[in-house]
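The values are calculated or read from the model by the stated rules, or taken from the named source; none is laboratory data. Predicted model only: the values in this text are computed from it and were never measured. Don't worry about glycine lacking a Cβ; one is built from the backbone with ideal geometry, like all the others, and counts go over all protein chains shown. Note: accessible area is taken over every heavy atom of the protein model, side chains too, but ligands, DNA and RNA are not part of it. Shrake-Rupley method; radii C 1.70, N 1.55, O 1.52, S 1.80 Å.
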Amino acid sequence: MAGFLDRAKEQAQRGITQGRQKLDEAQAQRAGGDLLKKLGAAYYAERNGGGDPRATLQALQAVEAHIAAHGDGILRG
């Protein structure tokens, strides 16, 4: 009986770990999407005369930092 409970506990732990990984991936994807939106808004504002090029550069750097940390999955849409 103890072997069965040990296996059940291991499977439950694997499920929890996989769930956490998926949640982390979803949160990173959402954060990356938000960064891309900010970059797009900064670029649009700059191109239409009302934006600051520094804001566009900062937004681009934030996107690049996110890609370095989490991969380029946000670019695949």
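Taking a ≥ b ≥ c as the square roots of the eigenvalues of the Cα gyration tensor, the stretch 36-77 is classed as oblate, since a/c reaches at least 1.5 and a/b does not exceed b/c. With Cα atoms as the point set, the radius of gyration and Dmax of the chain evaluate to 20.2, 72 Å.
The stretch between ARG7 and GLN29 holds 4.6 nm of extra length on full extension. This uses 0.36 nm per residue minus the Cα-Cα distance.
Using the Karplus relation 6.51 cos²θ - 1.76 cosθ + 1.60 with θ = phi - 60°, the per-residue 3J(HN,Hα) values for the stretch 11-16 come to 5, 4, 5, 4, x, 5 Hz, with x marking Gly and Pro. If you plug the beta carbon distance of THR17 and ALA41 into 1/(1 + (r/R0)^6) with R0 = 30 Å, you get a FRET efficiency near 0.25.
If you put +1 on each Lys and Arg Cβ and -1 on each Asp and Glu Cβ, how big is the dipole of the chain around its Cα centre, in Debye rounded to 20? Charge dipole of the chain: 200 debye, to the nearest 20. Expressed as a whole percent, the accessible surface of the chain that belongs to carbon and sulfur atoms is 55, based on a 1.4 Å probe.
Computed with a 1.4 Å probe over protein heavy atoms only, the accessible surface of the chain comes to 80 Å² per residue.
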